[in-house]
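Engineer: I have a structure I would like to understand better, so I am pasting it below and will then ask my questions one at a time.
The values are calculated or read from the model by the stated rules, or taken from the named source; none is laboratory data. All values reported here derive from a predicted model rather than from experimental measurement. Counting neighbours? That spans all protein chains shown, and the Cβs are built from the backbone with ideal geometry, glycine included.
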Amino acid sequence: MSCEDDEDTDIKEIWEKLRILKLKLHFNEVSDKRSHCFWCTCSFDNPPVFIPKQERNEMIEVYGCFCSPECAVAYLKTEPIDCSVLWERYALLNNIYSKIYNYEKNIKPAPNPYYTLDKYYGNLTIQEYRKLLSKDRLLLVVEKPLTKILPELYEENNELPNIFDDILSTNTRQRPKYRLKRKHASNSKLDSLSNNFGLCN
């Protein structure tokens with residue numbers, strides 16, 4: 001059923017819900033209800049993983065809700081934030097969750113769920129997808145075709161226009177005027193026909 005067909009939904013009711021949500025988010029009063037993972041969009045039953053935003057007064061500010069540190073890293077790597085901020089958050093995430101999950105190496109990002117999970121374009125169940133995350137391999141979904149982008153080389157003459165000359169100005173120096181002159185008189189169509197085909201009037 002599309003949103004347009006739903007006549008039971010009142011637009012005032014929707015705006016009231018959004019207003020309440022806005023206030024809850026502003027005052028940090030969102031309930032601890034179960035959420036699906038922000039990356040793989042599937043439900044999970046383990047404690048949620050968060051992305052650390054910053055450490056302030058021995059408190060760590062966090063955001064998001066993820067089923068695993070790998071999903072949190074994948075989400076973080078796609079965020080439109082400054083590179084230095086991204087690496088600072090990635091370092092915090094590794095410092096916190098490497099101890100909890102006993103990781104010996106840096107946390108690797110989870111693969112793109114839209115091309116791997118069976119509920120989208122892939123063929124893996126969520127259990128198989130999460131089992132992949134526990135392996136010591138990095139799985140990337142690469143947009144194809146993968147091509148090198150090299151610069152192009154152009155060759156032009158070295159005659160650049162003088163930047164001080166106004167092209168549209170009529171006050172520029174006078175150029176010599178040439179006229180087209182012919183040594184012989186031009187032939188008319190009749191003269192051409194009579195000379196080439198022997199036709200007479």
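Engineer: Out of Ile60, Ile51, Ile11, which single residue is surrounded by 12 or more Cβ atoms within 10 Å (Cβ to Cβ) and at pLDDT below 90?
Structural biologist: The match here is Ile60.
Engineer: Please enumerate the residues belonging to region 118-144 that are surrounded by 13 or more Cβ atoms within 10 Å (Cβ to Cβ) and out of contact with any Phe, Trp or Tyr (no Cβ under 9 Å at 6 or more places or on another chain).
Structural biologist: The answer is Lys119, Leu124, Thr125, Glu128, Tyr129, Leu132, Leu133, Leu139.
Engineer: Looking at (1) out of contact with any Pro (no Cβ under 6 Å at 6 or more places or on another chain); (2) in a strand (DSSP E or B); (3) of a type outside the set (Gly, Ala, Ser), which is the only condition Asp45 fails?
Structural biologist: Status for Asp45: all satisfied but (2).
Engineer: Let me ask something else. Residue under question is Tyr97, and the condition is that it be in a helix (DSSP H, G or I), over 24 Å from Val141 (Cα atoms) and among the aromatic types (Phe, Trp, Tyr); does it hold? Steps first, answer last, please.
Structural biologist: Numbers: in a helix (DSSP H, G or I): yes; over 24 Å from Val141 (Cα atoms): yes; among the aromatic types (Phe, Trp, Tyr): yes.
When the stated conditions are applied, Tyr97 passes them.
Engineer: Can you find a residue that is acidic (Asp, Glu) and in a loop (DSSP other than H, G, I, E, B) anywhere in region 119-135?
Structural biologist: Of the residues in region 119-135, the ones acidic (Asp, Glu) are 128.
Filter again for in a loop (DSSP other than H, G, I, E, B), leaving none.
So far as region 119-135 goes, no, none of its residues is acidic (Asp, Glu) and in a loop (DSSP other than H, G, I, E, B).
Engineer: Just to be sure before I move on: is Tyr101 of a type in the set (Phe, Trp, Tyr), touching a residue at least 40 places away in the same chain (Cβ under 8 Å) and within 27 Å of Ile126 (Cβ to Cβ) in the structure I sent?
Structural biologist: For Tyr101, the condition - of a type in the set (Phe, Trp, Tyr), touching a residue at least 40 places away in the same chain (Cβ under 8 Å) and within 27 Å of Ile126 (Cβ to Cβ) - is not met.
Engineer: Listed residues Cys71, Cys37, Cys3; which is in a loop (DSSP other than H, G, I, E, B) and at pLDDT 90 or above?
Structural biologist: It is Cys37.
Engineer: Any residue in region 104-123 that's closer than 17 Å to Cys71 by Cα: show its pairings with residues that are of a type in the set (Asp, Glu) and not in a loop (DSSP other than H, G, I, E, B) at Cβ separation under 8 Å, as long as the two are six or more apart or on different chains.
Structural biologist: Cβ pairs passing all conditions: Ile107/Glu70; Lys108/Glu70; Pro109/Glu70; Ala110/Glu70.
Engineer: Here's a follow-up. In this structure, is Arg173 surrounded by fewer than 10 Cβ atoms within 10 Å (Cβ to Cβ), of a type outside the set (S, T, N, Q) and at pLDDT 70 or above?
Structural biologist: Details: surrounded by fewer than 10 Cβ atoms within 10 Å (Cβ to Cβ): yes; of a type outside the set (S, T, N, Q): yes; at pLDDT 70 or above: no.
Judged against the criteria, Arg173 is not a match.
Engineer: Which pairs turn up if I take residues in region 49-66 that are on the phi < 0 side of the Ramachandran plot and look for partners that are among the β-branched types (Val, Ile, Thr) and surrounded by 19 or more Cβ atoms within 10 Å (Cβ to Cβ) with beta carbon separation below 6 Å, at least 6 apart in sequence or on another chain?
Structural biologist: Once the first residue is on the phi < 0 side of the Ramachandran plot and sits in region 49-66, its partners that are among the β-branched types (Val, Ile, Thr) and surrounded by 19 or more Cβ atoms within 10 Å (Cβ to Cβ) give Tyr63/Ile51; Phe66/Val49.
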